[in-house]
Amino acid sequence: MSRCLTDADWRRLARAVDGRVRRPGEAGFRDASMPFNKRFAGITPRGVVSVAGTDDVRRAIEWARDAGVEVVARCGGHSYAGHSVNNGLVIDLGALNTVSANGSTGLVTVAGGALMADVYAAIQPHEMAFALGNGASVGIAGLTLGGGCGATSRVLGLTADALVETTLVTADGQVLRCDATENADLFWACRGGGGGNFGVNVSFTFQATPVADCASYVVLWDRADAPKVFSVLQEIARKAPDEFATRVGISKAGESKGVVSAIGQHFGPAKEVREILDPVLSVARPIRMEIADRTFWEAKDDLLHETSEGAFAARTAIVTEPLPEEAIATMLSFVDRFPGSGNPDGGGAALFSWGGAINRVGVRDTAFAHRNALFLLSMDTSWAEDDEPAVVDANLRWLAGLADAMSPFVSDGAFQNFIDPDLEGWRDAYYGVNYPRLEEIKERVDPDGVFTFAQSIGS
C-alpha cells in the first residue's frame, strides 16, 4: 500500500538521479509514459523518471520501494497489454540507447532502452545480424525477454537465442551480470521469461552472424481464393527449407471483402522463391505479386510494419500441425463477420512460419517453451480511440469468439511477446513446463514482488 506522496518526496527523487523526473501535466510527461497500444491510454503514472544511467535505475527502484509505489520499466512502450505503464512510477529507459557492434567477434552490446532502429543502424555496416523484430520503434528489451522472433528466425533462431549476456538491476538494487556461468538461472529466465519480471535489464550482448543478399516477396489474392491459399501455403511452409519464411494472413477493414496475403523473406535468390511458391501460384491467381532479389537490409525495410495509431487486442496460439480445411473455413468465416471499427488496420488472422532453428533448441534450455511450433497463429482486432464503447465491445467479443472457435485445432500455448490481458490460463500458455522454475527464480530475486503486474511471474 503506497503512502500519500508529497512534493517533497518527488523532489527527493529528482535530487537522487541524474536524469529527469516528470509529473502529470509537465512537458514531456506523456511522451515518456504513453503506451503504444492506446487501449491503455487512460493509465496515468504518478511520475516518470527518465534515467541517465544504471545508477539512476537503482536509485529509482530504491525510492519506489521506500515510497511503496509500483514501479515498471519502459523501453519502446509496445507491450500489447500496456504493461510498460502503471499507476505508480515509470522508469523511462529511452536515453539508454547506445549500441556497439564488433565486426570481428560478431558481438553486439545494446543498452536497455535501444529500439530496433538503433540496433539495425549499428549492425548494418558490419553485414551481420541476429533475429530482430519488424517494427523500428520496438524496444530491444521487451523483444528479447519474451523470446523475440522475426522473418529470419527459421535460420537465426529467436532474439533470445542470440543473447550471450545481460545486466539487470534487481529489486534490492544489485547490478547483476548474467550469462551461462554467472547468475546462470537469471540468464536462463531472461531468454523467454517475459519482460518486467526479474528486474530492469540495462544491457544486452548478442552474438550476430554474417548475412548476405536474399529475396523478399509480397503476394496478394482475392478473398475467394483464401481456402486454397491457406491450405497450400501451409504445406509449402512445412516442407520448405529453413531459409524460407512466410506470413500468410487475411485481413478485413471497412466494407472490403478481405485481402489474403503472403509476405516473407528468403535467404536465397528470387528465382528460388518463385519455385517454392509455384504450388500456390498454380492454384490461385494473385492480384499482385512482387518477388525481388534484395540486400539483407532492403529486405528488412520491405518487411517493416508499424500498426496504425489507435487501440488493438490480439490472441495467439501455437500451431504444431497444418490447420485442416475445417479450421481454415472456421477462421475465414469469422474474419468475414468482422464487426468493423474506425481503425484502418481492421482485424484478421495470420500464420507466421516458425520451426527451423527455433525448434532446434531444447524446451528447457531457455525459458522459451514453444520449441515444437510449425506456425504461430495470431488473431487481432483494432479500433479507434474515439469509437463508441459498443464498437469496442463488439471487436473484443469477435476476437474472443474467433480464438475459442480455433482452440480445437491448436495447442494450448500462446506467445508471451504478444501478451494478452484477457487470456485465462496464461501461466501454462506462455511458459509451459518452464513456469515452476521461473517462479522459483522470481521468489529468490524479487521475494517482495516489487516487479508485479497482472500477468507477472508469481502473481
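The values are calculated or read from the model by the stated rules, or taken from the named source; none is laboratory data. Note that this is a predicted model, so its numbers are computed, not measured. Note that each Cβ is placed from the backbone with ideal geometry, even for glycine, and that neighbours are counted across all protein chains shown.
The set of residues in segment 398-410 that are within 23 Å of the chain's Cα centre (by Cα) and either under 13 Å from Ala327 (Cβ atoms) or free of Cβ contacts under 8 Å to residues at least 60 places away in the same chain (or both) comprises Leu402, Ala403, Asp404, Met406, Ser407, Val410. Applying a threshold of 8 Å to beta carbon distances and a minimum spacing of six or more residues, or different chains, the list of pairs starting in segment 360-371 at a residue that is outside the structural domain of Asp179 (by TED's automatic domain parsing) and without any contact (Cβ under 8 Å) to a residue 40 or more places away in the chain and ending at one that is in a loop (DSSP other than H, G, I, E, B) and hydrophobic (A, V, I, L, M, F, W, C) reads Arg371/Val361; Arg371/Val363. Asp446 meets the stated requirement of being farther than 13 Å from Ile318 by Cβ, of a type in the set (D, E, K, R) and not assigned by TED's automatic domain parsing to the domain that holds Asn134. With respect to the stated conditions, Val218 fails to be assigned to a strand (DSSP E or B) and closer than 21 Å to Arg364 by Cβ.
In this structure, does Phe338 turn out to be outside any loop (DSSP other than H, G, I, E, B) and within 30 Å of Trp398 (Cβ to Cβ)? No: the conditions fail for Phe338.
Inspect all residues belonging to segment 388-396 and state whether any of them is touching a helix residue (DSSP H, G or I) at 6+ places or on another chain (Cβ under 6 Å) and not β-branched (Val, Ile, Thr). No, the conditions are met nowhere in segment 388-396.
Tell me the strands (runs of 3 or more DSSP E) entirely within segment 235-321 that contain at least 2 residues that are at pLDDT 95 or above and more than 30 Å from Pro421 (Cα to Cα).
Details: elements: 244-252, 259-266, 288-294, 311-319.
Qualifying strands (runs of 3 or more DSSP E): 259-266, 288-294.
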